[in-house]
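J.: Can you read through this structure? Questions will come right after.
Please treat every number below as a calculation from the coordinates, not as lab data. In this text the structure is predicted, and so the values were computed from the model without any measurement. FYI the Cβ positions are ideal-geometry reconstructions off the backbone, even for glycines, and counts take in every protein chain you see.
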Amino acid sequence: MRQSFILYSLFVCVISVAASCGQPKGVVAEGAVVEKLADGFSFTEGPAVDKDGNIYFTDQPNDKIYKWSTDGKLSVFLDNTGRANGMYFDKDNHLLSCSDMENEIWRFNPDGSHTVILTDYQGRKLNGPNDLWVHPKGGVYLTDPLYKRDYWTRSPEMQQDGQHLYYLSPDHQTVSRVDDTLEQPNGIIGTPDGKLLYVADIRAGKTYAYDIQPDGSLSNKRLFCSMGSDGMTMDEAGNVYLTGKGVSVFNPEGVQIAHIPVEAGWTANICFGGKDMKTLFITASQYLYSIRMNVKGIR
């Protein structure tokens, strides 16, 4: 009887301590709201953060890349971007873009000059590179769905035999398919240690995780969550952020832990930035938004 009483007392004590601790902090900073930073664009996309925390994003229909500086100033970084869409900075602070005017990958220098680092796969143009992620060792993973553009002068039909996932070697000399089973790959992000890759299949309504091998190939494909996405990012805790109708946040186990509503017709893409990397920047329809976070993003 005495043992039962002691166990009961310990149980009550544990419950009381847990209750006094409250719920763990969410990913969004307490009291933070989504703030509109700029508008008047045609369709914003591709936010990417440089080494200083500045954000670069595209207005693809107007063929421009903009810069939102850490001191809150908006400027045009570049006109005539090859119709840049998804973007990402490499370790040398070069901005890489999916420039789908000619279905290529471009690398921009700080002065705006560029080099075309990918033009085709096995002699045929890609469908229209959409989003990319740069591995810590320099290789580039890119998604290649087909979204027909009214500015194309070539045939609007599919150039490859499907909508696939590709890997460009660190020296930019070799490109290979690393998954040819996706319906319409779109958003993509990887972990800072270069071990995991996440790819959203927006048509299938699913996001997958892969193990990255030393040679750049992928293995152990598995379902991460039953939601597709246009753009993607991650925070330092390993949470994955997906877009579409606002921003949905999933923990590393693929369980949704938050949703950030965005007052726009479509939330295209997201990226952490700012001097402390604790501001989430959101490109959505004609707007650029931000919201303060409890967590830092990854570079």
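J.: Provide Cys98, Cys225, Cys271 in ascending order of the number of other Cβ atoms located within 10 Å of each residue's Cβ, fewest first.
T.: Taking fewest neighbouring Cβ atoms as first place, the list is Cys225, Cys271, Cys98.
J.: Given H placed 1.01 Å from N in the peptide plane, which residues other than close sequence neighbours of His164 have an amide H under 5 Å from its amide H?
T.: HN-HN under 5 Å from His164: Asp144.
J.: Among Glu253, Glu45, which comes first, second and so on when ranked by fewest other beta-carbon atoms within 10 Å?
T.: Ascending number of Cβ neighbours within 10 Å: Glu253, Glu45.
J.: Pick from Thr81, Thr115, Thr58 the residue whose mean-square fluctuation is largest in a GNM of the chain, springs joining Cα atoms under 10 Å.
T.: Thr115
J.: Also, I was wondering about something else. Give the calculated FRET efficiency between Ser155 and Asp215 to the nearest 0.05, with a Förster radius of 30 Å applied to their Cβ-Cβ distance.
T.: According to the calculation, E is roughly 0.30.
J.: Assigning unit charges at the beta carbon (Lys, Arg +1; Asp, Glu -1) and nothing else, what dipole magnitude in debye, to the nearest 20, does segment 199-268 show about its Cα centre?
T.: Values: 5 positive and 8 negative charges, 63 e Å.
Charge dipole, segment 199-268, about its Cα centre: 300 debye, nearest 20.
J.: Work out the FRET efficiency for Asp92 and Lys275 from their Cβ-Cβ distance, taking R0 = 30 Å, and round it to the nearest 0.05.
T.: The value I calculate is 0.90.
J.: How large is the Kirkwood hydrodynamic radius of the chain, in angstrom, based on all distinct alpha carbon pairs? Write out the running numbers ahead of the final one.
T.: Details: mean 1/r = 0.0503 Å⁻¹.
Hydrodynamic radius (Kirkwood, Cα pairs) of the chain is 19.9 Å.
J.: Please name whichever of Leu280, Ser155, Ser97 sits farthest to the positive end of the charge dipole of the chain, dipole taken about the Cα centre and charges placed at Cβ: Lys and Arg +1, Asp and Glu -1.
T.: Leu280
J.: Which value, in debye to the nearest 20, gives the size of the charge dipole of the chain about its Cα centre, when Lys and Arg are +1 and Asp and Glu are -1 at the Cβ?
T.: The dipole magnitude comes to about 780 debye.
J.: Charges on Cβ only, +1 for Lys and Arg, -1 for Asp and Glu, centred on the Cα centroid of the chain; of Asn54, Tyr167, Leu146, which one is farthest towards the dipole's positive end?
T.: Of the listed residues, the answer is Asn54.
J.: Tell me, Asp131, Asp150 in order of fewest to most beta-carbon neighbours within 10 Å?
T.: Lowest to highest Cβ neighbour count: Asp150, Asp131.
J.: With an 8 Å cut-off on Cα pairs and a minimum separation of 6 or more residues, tell me the relative contact order of segment 45-234 in percent. Mind dumping the intermediate values first?
T.: Details: 497 pairs, mean separation 22.5, N = 190.
About 12 percent, as a whole number.
J.: Okay, moving on. Can you give the charge dipole size of segment 159-232 about its Cα centre, rounded to the nearest 20 debye, using +1 on the beta carbon of Lys and Arg and -1 on the beta carbon of Asp and Glu?
T.: So the magnitude is around 220 debye.
J.: Now for a different question. Based on the alpha-carbon gyration tensor of segment 34-153 and its eigenvalue square roots a ≥ b ≥ c, which shape applies: rounded if a/c is under 1.5, prolate if not and a/b is larger than b/c, or oblate?
T.: Verdict is oblate for segment 34-153.
J.: Give the calculated FRET efficiency between Lys73 and Glu263 to the nearest 0.05, with a Förster radius of 22 Å applied to their Cβ-Cβ distance.
T.: After rounding, the FRET efficiency stands at 0.40.
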